[in-house]
Every structure is written in C-alpha cells, then in structure tokens.
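Take a look at the structure set out below.
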Amino acid sequence: MNRVALAALALAGAVFATVGYVGSTNAASPLPGDPCAHAPCQITGAAVRVTIPLQPSGGKVVPKVTVGPLVSPEPKAAPVLLPGHFLGKLALVVEERGGCGPHPTEPCKMEDCSGRTCWAVERPFTYRTHAGDLITVPAGMTTDLASVPRFAWSLVPPDGLWIRAAVVHDFLYRSAGSCVIARVNRTSTCSRARPYERAEADAIIDQGMADIGIGMAARVTIWSGVRAGGHNGWGH
C-alpha cells in the first residue's frame, strides 16, 4: 500500500474518531460498518462522509471527503405487553446468601422455606394484571415457589407450571403489597401507586395461573392454600 493510501486510511480514522463514520457512498459495495448497507435509515444530523474508491485512478488511491447527513438505523418499536401476559424469561438460582427469613442476614434455613429450597430471581420479569397494572419482580428477590400444603405436593408440586404466577405473588407478599423490598429494590417496581392488599395479591396469583393455562383444580388448591395460611407470610 503506497503512502497516499495510508494517508487516506489515516484521514478516515481521524474523521471516525471525531465525528463518527457514517458509511460508503458506493451502494454496490459498501464499506464495513455502513449502517445503511442493509437497513432503512433516517436523517438525524450532519457529519463528514469519507469514501475511498475501490478502483484506483492512475495507480493512486485518492480519498473523497464530503459533508453529508448523519444517518442511523430506524429505532425498533418497544414490545407491547397486553393485560394477562408476562414479559421476560423467569430465571432462578439457588439462594446461598440467605434472606428467606424476615432478616436479610439470616442464613437460608430449612424452616424458613418450609423445608424447601430457597430460590432467587436472576433477572427481572414483568406481569401485566387484568386491570392493566405492571408488576416487575426485581432480580435478587427470594422465593419458595408456590405455597402448596405438603400433603398435596404429589398432585400440585411447588415447582409446577404455575411458578411465574407464584413468584409474582411471593413478591407482593414479601413487600406487603408495596413492591419495595429494602435489600432488593429501593423504589417500587410496580406501575400502580397504591399498595396492593393481601386479597388482591391472592386474586393476582389466580389470574396469573389462568393466563398460563393452569386447570381449575390446581388453581383452587393453590389459591385456597394462600388464603388459608398466607397471613403469616404477609410482609416477610
């Protein structure tokens, strides 16, 4: 590569560092990184455009520098979450730091989770209620999955297909309906300003299970369990 070509590349690098590279004007063979090579673009400002001819003239590569519009790919529309739907994949990890009990520093003892493994939400996920409110379960929130009486585990296990609704329910219970858990999230992750009542949280787990497609028998068993014994877990 001769000195003129090296100078052209250096000039292109300097322009990229200062104003941002936009792309090649050679549509048949775009330069690498051209945002308009394979996608529609919209004009958002102005920038310097550098084009290096693919066929040298007289054995010399002469860069062409022009001032043109700054272009960027059109932004993608945000997904619309309809009432009765979940957004995001539920990912759980075994909780090893403790926190299943009422005090954040307590180890995750067996009695704290009713003899079951404690789990922690690895990444946030969201549920839109039938009323249109958004409930986002934050990462780090601990759960024992569905609150099912031990005698019914063979028919309705705690880790059944209803766990997404159960984790949302656990979040409302642990935060006493406020959507704030001091050691997890300092501000509410729910769109509704007014805190949820316990009866509303129990109704939401039933609605969430119905949205997932859970049958009536399992829904009644789980809902009855939280209504009968959930008062001890509200706010813990």
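A short reminder: the numbers here are calculations on the coordinates, not readings from a lab. Here the structure is a predicted model, which means the values were calculated and not measured. Virtual Cβ from ideal backbone geometry, glycine too; neighbours counted across all protein chains shown.
Going by how many other beta carbons lie within 10 Å of each one, how would you line up Trp153, Trp119, fewest first?
Going from least to most buried by this count: Trp153, Trp119.
Could you sort the peptides 193-201, 128-136 by per-residue average Cβ neighbour count (10 Å cutoff), highest mean leading?
Put in order of decreasing packing, that is 128-136, 193-201.
If Lys and Arg each add +1 and Asp and Glu each add -1, what is the summed charge of the other residues whose beta carbon sits under 12 Å from the beta carbon of Ala165?
Counting the neighbours of Ala165, the net charge comes to -2.
On full extension of the chain, what length is gained from His231 through Leu82, given 0.36 nm per residue of separation minus the C-alpha to C-alpha distance?
Computed gain between His231 and Leu82 is 50.6 nm.
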